[in-house]
Every structure is written in structure tokens, then in C-alpha cells.
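For reference, the structure discussed in these notes is given below.
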Amino acid sequence: MSTVVYPGTFNPITNGHVDIIQRAAAIFDQVIVAVATSKRKAPLFSLEQRVEMIEQSFAELDLQNVQVNVMENLLVDFAKQHNATCILRGLRAVSDFDYEFQLAGMNRSMAPEIETVFLPANERHAFVSATIVREIISLGGDVSMFVPKPVLKYL
Ligand code: ADP
């Protein structure tokens, strides 16, 4: 069985993330969405809220092979614990590439048996970023076109 881990802060989950997860669910037997605690980033939404927002966004999509977990340890250790053979990341633009390439390289040094795979962002969501969504929220703007509906009730 092929299991992939899709890690992130999901602060909050956006339509771009949803698109990546749906596409991964069609490729892999099992997709584990790993919600990082990211204490260093002082997330706008609590860990519980971020998990709930993802669960509620997927409840209506009825994807049996997507599960959401909290990740409190190192990504490669989390992947091994869950018998995942791949780490999934989304690539929006060249600007994502530097960081993602570095991350993939360091993860491969620590765990050569785990591959990182990239999915290119859907062009419809390629400009959507959780950071900018948070900025719009903090300024009282409308983010309904960038995030799944269940996220809106947390604002
Ligand atoms: P991080 O906290 O590491 O920045 P995020 O939670 O923002 O991670 O995102 C997790 C993953 O989703 C990353 O691989 C990121 O590149 C990807 N991603 C973020 N937004 C989009 C989008 N609009 N389309 C496709 N992939 C995206």
C-alpha cells in the first residue's frame, strides 16, 4: 500500500491545499495530512482549529483515503511511524523551489528511503497563499474565494 504524508501548517487550509490533497488521493492509496504544531510561527489558528477546518473541508468530499493527523515530531520520523514512503509538497512558483529543494535534500539525507514528490499547483490556485489569506483576514477582507467554506465560520 502506498502512503504519502502531506505536511504543512495549514493556517488555515486553502483551496490550493485542498486541490493538492484531492489529486494525491487519486495517486496514492492513503494520504495523511500532517498538521505541524509550528509553535515558532505563532499560528493565527490553534492546532485544534486547523485540524477541525481540514476535517470539515473533507467531510463533504467523501474521500475515504484521506486522514488528518497532528505532527509533533520530525517529519521523517512521522513518515516512518505511519509507514509512508513519500512526502508530498505543492509547488506554486519558482520562489517555492529553493526552500522545497533544500527541505527535500535534508530530509533525504536523514531518511534516504523516503522520497519527496512535488505536485505543481493548479493554475486556478497558484497565487493562493495562507500567509496572504491571514493578512486579508486581519484587515477585514473577504477570503471566501480562497478557502473551503468550513473555514469561514472560524473567522
Ligand atoms: P508551510 O507551513 O511549510 O509553508 P503550508 O502549510 O503553507 O506549508 O503549505 C503546505 C504545502 O502546501 C507546501 O508544500 C506548499 O508549497 C503547498 N501549498 C501552499 N499553497 C498552495 C497552493 N495554493 N497550491 C498548491 N500548493 C500549495
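We did not get these values from a lab; they are worked out from the coordinates using the rules stated. Everything quoted here is computed from the prediction, not taken from an experiment. Reconstructed Cβ throughout: ideal geometry from the backbone, glycine too, with neighbour counts over all protein chains shown.
General observations
- Loop-resident sites, region 53-132, for GluC sites (Glu not before Pro), counting at most 10 other Cβ within 10 Å (DSSP): E60, E113, E123
- By the count of neighbouring beta-carbon atoms within 10 Å, fewest first, D29, D19 end up ordered D29, D19.
- Taking amide H as placed 1.01 Å from N in the peptide plane, T116 has its amide H under 5 Å from the amide H of I87, each at least 5 places away in sequence or on another chain.
- Net lengthening on full extension, L63/K39 (0.36 nm per residue, minus Cα-Cα): 5.7 nm
- The calculated FRET efficiency for L152 paired with K80, based on their beta-carbon distance and R0 = 35 Å, is about 0.45.
- The long axis of helix 47-59 is offset from the longest Cα principal axis of the chain by roughly 90 degrees.
- V35 long-range amide H proximity, modeled H, under 5 Å: N69, V70, M71
- In sequence order, calculated HN-Hα J values of region 22-36 (Karplus, 6.51, -1.76, 1.60; Hz; x Gly/Pro): 4, 5, 5, 5, 8, 9, 9, 5, 9, 10, 10, 7, 9, 8, 6
- By the beta-carbon count within 10 Å of each Cβ, the least crowded to most crowded order of Y154, Y99, Y6, fewest first, is Y99, Y154, Y6.
- Dipole-positive endmost among N107, F45, Y6 within the chain (Cβ charges, Cα centre): F45
- Estimated translational D of region 69-114 in µm²/s (Stokes, Kirkwood radius over Cα pairs; 4 °C; 1.567 mPa s): 113 µm²/s
- Relative to the longest principal axis of the Cα atoms of the chain, helix 94-110 runs at roughly 40 degrees.
- The string of couplings for region 121-128 from the Karplus curve (6.51, -1.76, 1.60, θ = phi - 60°) is 4, 4, 4, 5, 10, 4, 9, 7 Hz, one whole number per residue in order, with x for Gly and Pro.
- More than 19 angstrom apart: percent of Cα pairs within the chain: 53 percent
- Under the convention that each Lys and Arg Cβ holds +1 and each Asp and Glu Cβ holds -1, the size of the dipole of region 1-149 around its Cα centre is about 300 debye.
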